[in-house]
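Take a look at the structure below.
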Amino acid sequence: MPIQEKCRIQDHQKVGPRHFKLTLLSQYIASHAQPGQFVNVRCSDGSDPLLRRPISLHRINPEHGVFELLYEVVGKGTEMLTKYFVGEELDVLGPLGNGFSVDPKKKIHLMVGGGMGIAPLRALGESIKGGARYVFLGAKTKEALVCGEKCGEIADQIALATDDGTTGKKGLVSDILLDFIENQLTAYNLPLTAIYACGPRPMLKAIAEIAVQKKIDCQLSMEERMACGIGACKGCAIKTKDGFKMVCKDGPVFDAKEIVWN
Ligand SMILES: Cc1cc2nc3c(=O)[nH]c(=O)nc-3n(C[C@H](O)[C@H](O)[C@H](O)COP(=O)(O)OP(=O)(O)OC[C@H]3O[C@@H](n4cnc5c(N)ncnc54)[C@H](O)[C@@H]3O)c2cc1C
Ligand code: FES
């Protein structure tokens, strides 16, 4: 059950060229949130911008009653967020949506992030207790690959891809995922494998195709522009095999087999 809360800022740091990490205090959100869920943040104390902005839970720490957000400045709302200081309060609604679910029968966990799609993977990786964990990260450039090194704490192995080849393999993150599946996994362990992905739509589509082709269970965190964030405005509808669904309420995490891509 989401709540609206004024959360005190415990930490706020610049972690990349346009990227920030925000630590907020909320015992309720930290205790109730699941990896893959998000919060809807009011980015100013006034009415502009009117709409809250959805940001994934990057880390969840119920023991200390805090959660972290990792965000990139792309427009007015996220720019205004950067002006908040430690000790001030932010108006937050959450936790929202349905997150990732981890099947204990799976022994190989492949987490794939494109661009800011890295954000929810940290919380997901920290929640996976058994089996082998692999992280595949893709971005346009080395600079855009924020907090990638931190994924060492949640993965047995990390593979990187950038569009310009400034770090990792030159090319798409979906290509390094496919390469790993074809060269490191056997027919025996494909049913024991799960893919979890978050990133831009073309990346998610490519990963869904790989998952179907290789018969691997796959969960995708879909991203759509949002208004209400609670299923009321129907602004974030996507097409699924079961009709239109709301990314904010029915997702953002969906089974890859559900999504209709055209
Ligand atoms: C479920 C969910 C989780 C998200 N998690 C994160 C996160 O952890 N970290 C993070 O940095 N961002 C995340 N985003 C994206 C974030 O919500 C947008 O970047 C933010 O709302 C932009 O607000 P703005 O006012 O700064 O930019 P605006 O001025 O609103 O937009 C600037 C540009 O960004 C594009 N844009 C805005 N929102 C979206 C969107 N939802 N999808 C695609 N393009 C968009 C616009 O088309 C425009 O080109 C998430 C989005 C969703 C739906
Ligand atoms: S944002 Fe309003 S229904 Fe999803």
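Since every read-out is calculated from the coordinates, none of them should be taken as a lab result. Since the structure is predicted, the reported quantities are computational estimates derived from the model, not experimental observations. Counting neighbours? That spans all protein chains shown, and the Cβs are built from the backbone with ideal geometry, glycine included.
So here's what we get for this one:
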| read-out | value |
| --- | --- |
| Shape call, the stretch 157-243: gyration tensor on alpha carbons, a/c limit 1.5 | oblate |
| Cys residues of the chain counted as unpaired, since no other Cys beta-carbon is under 4.7 Å | Cys7, Cys43, Cys147, Cys151, Cys198, Cys218, Cys236, Cys248 |
| Formal net charge of residues neighbouring Ala211 (Cβ-Cβ distance under 9 Å; K, R +1; D, E -1) | +1 |
| Order of Arg225, Arg18, Arg122, Arg59 under a 10 Å beta carbon neighbour criterion, fewest first | Arg225, Arg18, Arg59, Arg122 |
| Descending semi-axes in whole angstrom, ellipsoid equivalent of the stretch 3-96, from the Cα gyration tensor | 19, 14, 12 |
| MRE, 222 nm, helices only [DSSP H, n ≥ 4, -39500 (n - 2.57), over the chain, to nearest 500] | -5000 deg cm²/dmol |
| Dipole of the chain, positive direction: furthest Cα of Cys151, Ile55, Val212, with charges on the beta-carbon | Val212 |
| Equivalent-ellipsoid semi-axes of the chain, from the Cα gyration tensor, Å, largest first | 29, 20, 18 |
| Cβ-placed point charges (K, R +1; D, E -1), dipole of the stretch 3-96 about Cα centre in debye, nearest 20 | 220 |
| Unsatisfied cross-links (Cα-Cα over 30 Å) in the set Lys105/Lys150; Lys105/Lys140; Lys83/Lys257; Lys142/Lys257; Lys83/Lys129; Lys214/Lys234 | Lys105/Lys140; Lys83/Lys257; Lys142/Lys257; Lys83/Lys129; Lys214/Lys234 |
